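The values are calculated or read from the model by the stated rules, or taken from the named source; none is laboratory data. Computed from a predicted structure; not experimentally measured. Cβ coordinates were reconstructed from backbone atoms using ideal geometry, including for glycine residues, and neighbour counts include every protein chain displayed. Heavy atoms of the whole protein, side chains included, go into the accessibility calculation; ligands, DNA and RNA do not. Shrake-Rupley method; radii C 1.70, N 1.55, O 1.52, S 1.80 Å.
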Amino acid sequence: MINYDIVGVKEDILELINGNEIEIQLENYGVEDIRKVSEEEEHVKEIFYSKMVTFGYLTYYNGKISIPNKELKEEFIKALNDKESDMQYFYNMIKNSDEMLEVTLHKNVKRMCEILDKLHMEKIIIEDKLDHGNLKRVMDYSYFNARTKYDIEEESPRGHGRADIIFLPKGKNKVNGEIIIIELKVNSTAKEAINQIHQKKYYNEISNQRQNQELKGKGAMNLKLRGAIPSLFFKRF
């Protein structure tokens, strides 16, 4: 059972599930040390992660912890489904991420907004400041399962700037799949987001990398979510 009451654990677990590593020093928290200081409040997070490493739920290497395999990642995702925890809405986002990708590719803006609004937008507005970081996390988990079909880059140097999020088709989708560029704006307009994508030319380098294949189609759409604007731009090669 993950103890979400420990300060910082909620954020760490979400980062780990998202495939990231967390820097933390656990060298002084071996099995014997854990027994000696199990009640020590100051190092409760280190003790907690040391236990998870000891029991094989996490890997610790070079000062960083991570989830070691896909099977354990699934267990971490299941652990989010706790009705007594506010982490359940992240679980719901992940479980609805297949549909979210499908309706995105069909450019069904109405359904996309319905999914986002129903799952978590109301909760985030109530409890959190909807800044760029929170909006990015919303996108990360709303499209969580898209990783099976896309390589997802974040804050990647592209064109004349850094694109917030880019979905690059991989595997069987690589030839005819659509590239998706997401630009995130708060307290701005959808038009400004789309204009930035064009002004910064985030897609030019991608076109060159794909050997200047013929451009078959493109499109753009915007979602208006209570002051937050995720704008999505599509290019099909």
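Just a few scattered comments:
- Hey, residue 12 of a type in the set (Asp, Glu) and modelled with pLDDT under 85 or not: no
- Residues that are loosely packed, with under 13 Cβ neighbours inside 10 Å and farther than 19 Å from residue 136 by Cα, drawn from the stretch 175-190: 175, 176
- Within the stretch 20-45, considering residues that are modelled with pLDDT of 90 or more and surrounded by 11 or more Cβ atoms within 10 Å (Cβ to Cβ), the one nearest to residue 134 (Cα to Cα): 20
- Flag for residue 147 being out of contact with any Pro (no Cβ under 7 Å at 6 or more places or on another chain), open to solvent by 50 Å² or more (accessible area, probe 1.4 Å), closer than 16 Å to residue 15 by Cβ and modelled with pLDDT under 85: no
- Count of residues meeting criterion [part of a loop (DSSP other than H, G, I, E, B), in contact (Cβ under 8 Å) with a residue 24 or more places away in the chain and surrounded by fewer than 16 Cβ atoms within 10 Å (Cβ to Cβ)] in the stretch 46-81: 1
- All conditions but one from (1) surrounded by 17 or more Cβ atoms within 10 Å (Cβ to Cβ); (2) within 19 Å of the chain's Cα centre (by Cα); (3) of a type outside the set (Ser, Thr, Tyr); (4) at pLDDT below 90 apply to residue 117; the one that does not is (1).
- Among residues of the stretch 131-153, those that are under 13 Å from residue 165 (Cα atoms), without any contact (Cβ under 8 Å) to a residue 24 or more places away in the chain and within 11 Å of the chain's Cα centre (by Cα), counted: 3
- Taking each residue of the stretch 1-23 that is closer than 15 Å to residue 75 by Cα and looking for partners that are open to solvent by 20 Å² or more (accessible area, probe 1.4 Å) and part of a loop (DSSP other than H, G, I, E, B) with beta-carbon atoms closer than 6 Å, six or more apart or interchain, yields 16/67.
- Scanning the stretch 60-86 for residues that are under 14 Å from residue 9 (Cα atoms) and of a type in the set (Ser, Thr, Tyr) gives 66, 85.
- Some residue of the stretch 2-9 being at pLDDT below 90 and assigned to a helix (DSSP H, G or I): yes
- Qualifying position, being basic (Lys, Arg), at pLDDT below 80 and farther than 24 Å from residue 186 by Cα, among 95, 83, 78, 123: 83
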